[in-house]
Each structure stands twice: as structure tokens, then as C-alpha cells.
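Enquirer: I am attaching a structure below and will ask some questions about it afterwards.
The values are calculated or read from the model by the stated rules, or taken from the named source; none is laboratory data. Small disclaimer: the values here were computed from a predicted structure and weren't measured. With ideal geometry, Cβ positions are generated from the backbone for all residues, glycine too; neighbour counts draw on all protein chains shown. For the accessible areas, the whole protein counts, side chains as well, though only heavy atoms, and no ligand, DNA or RNA atoms are used. Shrake-Rupley method; radii C 1.70, N 1.55, O 1.52, S 1.80 Å.
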Amino acid sequence: MDFFFKKPTKNAREAMCQASLDLGNREIETNHKRNAEESLKDLTCHEHARVVNSGNSAIMIAMNNIKGPVLLPDQGGWTGFKKIADFLGLKISYLPTNHGIINLEVLDDNIKLKTPHSLFITSFAGYMAEQPVKEIFELCDERGVILVEDASGSIGDPQRSLACGDHAHIIVASTGSPKIINLGSGGFISTNDPNMLDNSNFLLKTLRPSPVICAGLVEAIKEAPDTLSKTLQACNFLKKEIKTVLFEEYRGINVTIPSKNPKPMARELRKKIPVNGGGMISTCPRYDRIKQPAVCLEIKNLEIKSLKNENLRKIAEITNKIISDFM
Ligand SMILES: Cc1ncc(COP(=O)(O)O)c(C=O)c1O
């Protein structure tokens, strides 16, 4: 049973190697950026896209275009949302959720009460459970609220419910490690609003990506649907096999197990399921997962070749044994 921490795919690494040999050639560098942005437009179905040097940079550019209060889920978001809003001096309001999942009536009430200018969400609450993004978008659009979807975990959704420009005013994502598009660094922002990017020229220049990342992105985008589908399938399998999990009925790219003693339970899991090159066990409560004691199996962190059925069965068996020991 061998588990490997995710690294950029072979095709992405080869493209990045070649791009690094071409560094200094302005024409080739510009082509890499242009090609990456064309691929992003196809991927998101948004009319405008820019590659930047990280996911947080993309969030900063989105927030820099926003004046009024920012509405954030009370859990299951991304800590960067709050930090960047604080940095830019934007007022923050929190939206009560069902363990991170947004309820549309509650959202509507909160929009009326708090009059936010924008709502920032991740496609999967805490990477754990799919948000009803299309319905959230329709409500936000009707009420004049800008929906920003952080699609770091959902690029290439085969159902086209997530990371889809038809259901988000702005999409942002990290392509850092270990995301669905995993290039070690980088990120992007896309939208149909040309003013948003025109207004951000200075930030876009300051936060520009390396041409090496742009070259890798073109290759990685092609592989994203397969990576996401296999990660979703693996989580689905584990949610059925493991005794006590949260969000069994939802699509997600990690598996969350409620626990009274998350820290010792996580230590035991790390010992029994070692991962070459990184880790895959995290603990809660945590804003960017769930606000209750739990342990998460971060299946999204693993190489696709580690997600064989025999390996998944082994993870379930070990986890079930540890759950019993910690009852
Ligand atoms: C959902 C989400 N958004 C954004 C980021 C920030 O990405 P970066 O490290 O590329 O700035 C992360 C990082 O883990 C993340 O998990």
C-alpha cells in the first residue's frame, strides 16, 4: 500500500521544463501566457481570464473591485477571504450555514438584512460538500450581489455545475499544491466583466505569473476533468465504506469523520497511512473545513495512481479500526 502526495502531472512538468529553457525569449513567454488564458476561457466559459501568481492573488484582484460589505460563509470557506478583505479594509459579514452548506432562504434573508456587495464561496464547502452554486448564483444575480466562486477544488467538473462561468460572476482558483490543477504555484481569475480586469492593470502586473506556470497550465487543464472525476469517485467509495462520515450524500474531494479526539486520532491515522512526500490528514474545528471536532482524509492531496480500489479499501479498513479504538 503506497500513497504518494500529489505533484504536477508528467505532461505539465515536461511543458514547464521546456518553458524554463525558453525563459528570456519574450515572444515565447507571451505565447505561453496567451495560450494559458485562451485555455482558461474555454474551461470556464468566461469571456476574460488572467493567470496570476497564486490563488490569493486572484482573490485580492476580485476583492479590489468590490466596494461594499463582503458576505462570507460562517465555515467551509477559505481563510484567505477574511485576511484579504481585512487587508483591503472591507467590511465582512458572515452567512450562517448548515456545516458550511448554504441554504438559499437563509442567503436571501441575509442579503436583505446585510446588503452585501459580494458573496465569496468555495465550490465545495470545506472541500467536503458541493454547494448549490447554480441556485446561489441565480439568487445573487437577481439581488445584485456579485458571486465569486473559488474553484480551486472543482476545476474540470464533468457535470459543469461547478467552476462554470454560467453560474458565477467571477471565478478564482489556486493552481498551487495540492489542488486539482497542481502546478506548485499560480492561480487565475475569470469573468465576463471586462471592466474588472481593466481596473486591475497594476495589480495584474504586480501579481503576474511565471511563463513556466502558464505553460504547465495549458497541459494541466486538459487533465483536470480526469483528476477531479477520479478524486470524487474515490471519496464517494470511502464515504460508503467508512462507518461514520459527514456529507455522505454530497460530492466532495475529502472525507470528514466526526471525532471527540481529533488530534490523537489524526496522529494514529498519519502513522498507519503514511504518504510519501506530504500529508493527507487534517483536523477540525477549522474555518476552511468545519467548525466542529473532526478528522479529514484529504484525498485531494493524493496522486491519482494512489487511488486504486485496493488502496481505498485499505484506508477504509484502517480508518474503521481507528474509529472503533477512539469510540
Ligand atoms: C480554496 C483555496 N483557495 C485559495 C487558496 C490560496 O491559494 P494560494 O496558496 O495559491 O494563494 C487555497 C490554498 O490552500 C485554497 O485552499
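Enquirer: Determine the per residue accessible area of the range 117-201 with all protein chains present and a 1.4 angstrom probe, expressed in square angstrom.
Expert: 29 Å²
Enquirer: Same structure again: Work out which helices of the chain, taken as complete DSSP H runs, extend at least 20 Å along their axis over the Cα atoms and score a mean Kyte-Doolittle of 0.0 or more, then list them. Before the final figure, lay out the partial values.
Expert: Working: long enough: 26-44 (27 Å, -1.73); 211-241 (43 Å, 0.17); 309-325 (24 Å, -0.66).
TM-like helix candidates: 211-241.
Enquirer: Whose amide H sits under 5 Å from the amide H of residue 119, counting only residues 5 or more places off or on another chain, with H placed in the peptide plane?
Expert: 71, 146, 147, 148
Enquirer: Where the centroid of each part is defined by its Cα atoms, how far is the range 230-294 from the range 150-227 in Å?
Expert: The two parts, judged by their Cα centres, are 26 Å apart.
Enquirer: Among residues other than residue 122 whose Cβ falls under 9 Å from its Cβ, what is the net charge (Lys/Arg +1, Asp/Glu -1)?
Expert: In short, -3.
Enquirer: Need one number: % antiparallel among DSSP beta bridges in the chain, to the nearest 5.
Expert: Restricted to the chain, the bridges split so that about 60 percent are antiparallel.
Enquirer: Here's a follow-up. Can you give the local net charge around residue 219? Use residues other than it whose beta-carbon is closer than 13 angstrom to its beta-carbon, Lys and Arg +1, Asp and Glu -1.
Expert: 0
Enquirer: For residue 243, give me every one of the aspartates and glutamates with a C-alpha distance below 14 angstrom, ignoring sequence neighbours fewer than eight places off in its own chain.
Expert: Partners found: 317, 325.
Enquirer: Just to confirm the filter: which GluC sites (Glu not before Pro) across the range 232-320 are DSSP coil and have at most 15 other Cβ within 10 angstrom of their Cβ?
Expert: Within the range 232-320, the qualifying GluC sites (Glu not before Pro) (loop, at most 15 other Cβ atoms within 10 Å) are 248, 249.
Enquirer: Please find the FRET efficiency linking residue 23 to residue 222, where r is the Cβ-Cβ separation and R0 is fixed at 22 Å, and quote it to the nearest 0.05.
Expert: 0.45
Enquirer: If you don't mind, there's one more thing I want to ask. Once the piece of chain linking residue 250 and residue 45 is laid out straight, how much longer is it, given 0.36 nm per residue of separation minus the C-alpha distance between them?
Expert: Details: separation 205, 0.36 × 205 = 73.80 nm, distance 2.48 nm.
Here the answer is 71.3 nm.
Enquirer: Count of lysine pairs in the range 10-223 with Cα atoms under 17 Å apart, counting only pairs 8 or more residues apart in sequence or on different chains?
Expert: Close lysine pairs found across the range 10-223: 16.
Enquirer: In addition: Between the range 41-113 and the range 1-38, how many Å separate their Cα centres?
Expert: 29 Å
Enquirer: Now a separate question. Test of understanding: in a Gaussian network model of the chain with alpha carbons linked when under 10 Å, which of 158, 73, 209 would top the mean-square fluctuation ranking?
Expert: Per the Cα network of the chain with a 10 Å cutoff, 158 tops the list.
Enquirer: Moving to a separate point now. Would you kindly derive the ³J(HN,Hα) couplings of the range 188-193 from the backbone phi angles with the Karplus curve 6.51 cos²θ - 1.76 cosθ + 1.60 (θ = phi - 60°), listing them in order in whole Hz, with x for Gly and Pro?
Expert: Working through the residues one at a time gives 8, 9, 9, 6, 9, 8 Hz.
Enquirer: Within the range 84-189, list the trypsin sites (Lys or Arg not before Pro) lying in a DSSP loop whose Cβ has at most 15 other Cβ atoms in a 10 Å radius.
Expert: Passing sites in the range 84-189 are 91, 160.
Enquirer: Set Lys and Arg Cβ to +1 and Asp and Glu Cβ to -1, take the dipole of the chain about its Cα centre, and tell me which of 304, 133, 242 lies farthest positive.
Expert: In the chain, that residue is 242.
Enquirer: In deg cm²/dmol, rounded to 500, what helix-only [θ] at 222 nm does the chain give when every DSSP H run of at least 4 residues adds -39500 (n - 2.57) and the total is split over its residues?
Expert: One gets -13500 deg cm²/dmol as the mean residue ellipticity at 222 nm.
Enquirer: How many percent of the accessible area of the range 177-327 is carbon or sulfur, using a 1.4 Å probe? Walk me through the numbers on the way to the answer.
Expert: Working: 3430 of 6800 Å².
Summing carbon and sulfur atoms, their accessible area is 50 percent of the total for the range 177-327.
Enquirer: Distance check, please: which entries in 240/308; 271/291; 240/314; 240/271; 6/291 exceed 18 angstrom between their Cα atoms? Present the calculation step by step, with values, prior to reporting the outcome.
Expert: On the way: 240/308 16 Å; 271/291 25 Å; 240/314 13 Å; 240/271 23 Å; 6/291 27 Å.
In this structure, 271/291; 240/271; 6/291 exceed 18 Å between Cα atoms.
Enquirer: Comparing 30, 97, 122, which has the greatest mean-square fluctuation in the GNM of the chain with Cα pairs linked when under 10 Å apart?
Expert: Most flexible of the set in this elastic network: 30.
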